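Enquirer: My questions all concern the structure below.
The values are calculated or read from the model by the stated rules, or taken from the named source; none is laboratory data. If you're wondering where the values come from, they're calculated on a predicted model, not measured in any experiment. Glycine also receives a Cβ, built like all others from the backbone with ideal geometry; neighbour counts cover every protein chain displayed. For accessibility, only protein heavy atoms count, side chains too; no ligands or nucleic acids. Shrake-Rupley method; radii C 1.70, N 1.55, O 1.52, S 1.80 Å.
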Amino acid sequence: MTTAALHQVRRLPSWAPWAVLAASAAVAVAVLALVTEPTLAGVAFLTALIHAPAVTAISWQVEGARWAKDRLATTLVTTAFIIAMVPLVTLVWTVVAGGVRAFSWEFLTTDMVGIFGQMTEGGAYHAIIGTVYVTGIASLIAIPLGIFTAIYLVEYGSGRIKRGITVLVDVMTGIPSIVAGLFAFTLFLVLFGPAYKSALIGGIALAVLMTPVVVRSVEEMLRLVPNELREAAYALGVPKWLTIVKVVLRTAIAGITTGVMIAIARVIGETAPLLITVGIANAVNYDAFDGRIATLPVYVYRQYAQGGASEYRAWAGALTLIIIVMLLNLLARLVSRYFSPKGAR
């Protein structure tokens, strides 16, 4: 049997990479112990540096170059995935650990009227209502505008107008959130004066941030729809607008819904523009067109800035915000699953 054939037959057992990982961790701990006190981050970093070349070298000797390269790529991809998951898991764990201490049904159904200083009572009901109002207004403005703009860019646009809109969307994508807040505040300052505060101003500020995200995501989803589907509809005599509605949008509905939810998640936690436009309130304001209104991001900021027992309410408010985003994403998946073509489900 040739060497190549032998390498094809010989494979490392399934436990071998784990054994190499354990040995790499032991070596990392020993090396760090000689220099300084080992830390979890230091051990993990040094273990990754030792494990990748070690498992590749062993695989090269036993399995051959082809499988060694495969194991090296697998190790690098797995390491990158773990590194990417560390901040996400840490963030979620920190918010949950801090929020469960004050998170309760009472927290979700009470406001901050009559709550002062270091009192542990009080909830975020008024901020939840305000967040729903502001985000809802932003969505009502940004989602139709973004979808129609993306349809124009993909299906109708050409020449200088298309290039100009594309450049404008790219520029808007990088606008700082505080600039959007100043724009909305200045607009209503000219129209109604400096004393006017409402959820409408905050919704417009968030719509400025949300629209380019919707445009970009929907545009990419529409470009993924095969041209053969459009041509087949045209061959049957279906008008272009009906082809877009019945074929293109139905085919891309899952991706469009995901993009819209990403845009909502992008703006629902914005604090800077809402500090300028809607301010803060301790009571529920059901009028979206007049009066200050509380939102969860501003509520969290103010409660954490007060310190003491108020920090518990801040973490609970952050946990509430994460739960709302999770529920919206679940709703988006259900919508995309229901409206997607049967073959794409």
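Enquirer: Going by the structure shown, is residue 317 touching a Lys or Arg at 6+ places or on another chain (Cβ under 9 Å) and more than 30 Å from residue 153 (Cβ to Cβ)?
Expert: no
Enquirer: Take residue 247 and tell me if it is open to solvent by less than 60 Å² (accessible area, probe 1.4 Å) and within 18 Å of the chain's Cα centre (by Cα).
Expert: no
Enquirer: So which residues in segment 172-192 are hydroxyl-bearing (Ser, Thr, Tyr) and open to solvent by less than 50 Å² (accessible area, probe 1.4 Å), if there are any at all?
Expert: Of everything in segment 172-192, just one residue is hydroxyl-bearing (Ser, Thr, Tyr) and open to solvent by less than 50 Å² (accessible area, probe 1.4 Å), namely 177.
Enquirer: Could I ask something else about it? Scan segment 309-340 residue by residue and report those that are among the small types (Gly, Ala, Ser) and at pLDDT 85 or above.
Expert: Hits for segment 309-340 are 314, 316, 317, 318.
Enquirer: Also: Given 304, 338, which one is without any contact (Cβ under 8 Å) to a residue 12 or more places away in the chain, touching a Phe, Trp or Tyr at 6+ places or on another chain (Cβ under 9 Å), outside any loop (DSSP other than H, G, I, E, B) and more than 22 Å from residue 200 (Cα to Cα)?
Expert: On inspection, the qualifying residue turns out to be 304.
Enquirer: What are the residues in segment 68-103 that are of a type outside the set (A, V, I, L, M) and open to solvent by less than 50 Å² (accessible area, probe 1.4 Å), if any?
Expert: Result: 71, 75, 79, 98, 99.
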